[in-house]
Amino acid sequence: AQRLGIKIISPVISDMYDFKGGPFDRVLLDPPCSGWGSAGKHSDLRWAKTSEDTTKLARIQQSMIGRASKLVKPGGVLVYSTCTIIKEENDMVVEDFLAKHKEFEVESAKEFYPDELVTDKGYVKTYPSVGKLDGSFCVRLKRKEHA
């Protein structure tokens, strides 16, 4: 942002559970993940990661998305993004979050991304087999104005 002269971003280094700021118009959550989206570049992942690791990461991600949501003002947006293709860390985290947080809804990415990258639910998913991209996931979650 600095290189581009963008001055409306104020990065903060903090533990999100201790952070006292907000609420904000926009929040980006890029939580720790298994990294399976880059397995083609890091073939050792097959032996370094276990299903137990994925389950632990999904629990951390669920906690983090819940905390991040508290930083979003009404009408604001929370973007949840990972560099993995594992459903447990992506779809399932978001669906669990939405079931518990009715004040949020998915804003489809269809107007921003090619159709082949956007699911019926409005999530963005990239795969190494499509377009030579690393695997990744993101979703735009909008906090309703009046929930």
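Please work out which one of (1) more than 19 Å from Gly76 (Cβ to Cβ); (2) of a type outside the set (A, V, I, L, M); (3) surrounded by 19 or more Cβ atoms within 10 Å (Cβ to Cβ) is the condition Arg140 fails and give its number.
So Arg140 meets the others, but not (1).
Of all residues in the stretch 1-17 being within 19 Å of Lys70 (Cβ to Cβ) and polar (S, T, N, Q), which is surrounded by the fewest Cβ atoms within 10 Å (Cβ to Cβ)?
Across the stretch 1-17, the extreme among qualifying residues is Ser10.
Do we find a residue being at pLDDT below 95 and under 17 Å from Lys144 (Cα atoms) anywhere in the stretch 38-58?
Within the stretch 38-58 (the criterion being at pLDDT below 95 and under 17 Å from Lys144 (Cα atoms)), the answer is no, since none of the residues qualifies.
Conditions tested, residue by residue: (1) under 20 Å from Pro31 (Cβ atoms); (2) at pLDDT 95 or above.
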{"site": "Val77", "(1), (2)": "yes, yes"}
{"site": "Cys83", "(1), (2)": "yes, no"}
{"site": "Val94", "(1), (2)": "yes, yes"}
{"site": "Glu105", "(1), (2)": "no, yes"}
{"site": "Pro114", "(1), (2)": "no, no"}
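The values are calculated or read from the model by the stated rules, or taken from the named source; none is laboratory data. As the structure is a prediction and not an experimental result, all values here were calculated from the model. Reconstructed Cβ throughout: ideal geometry from the backbone, glycine too, with neighbour counts over all protein chains shown.
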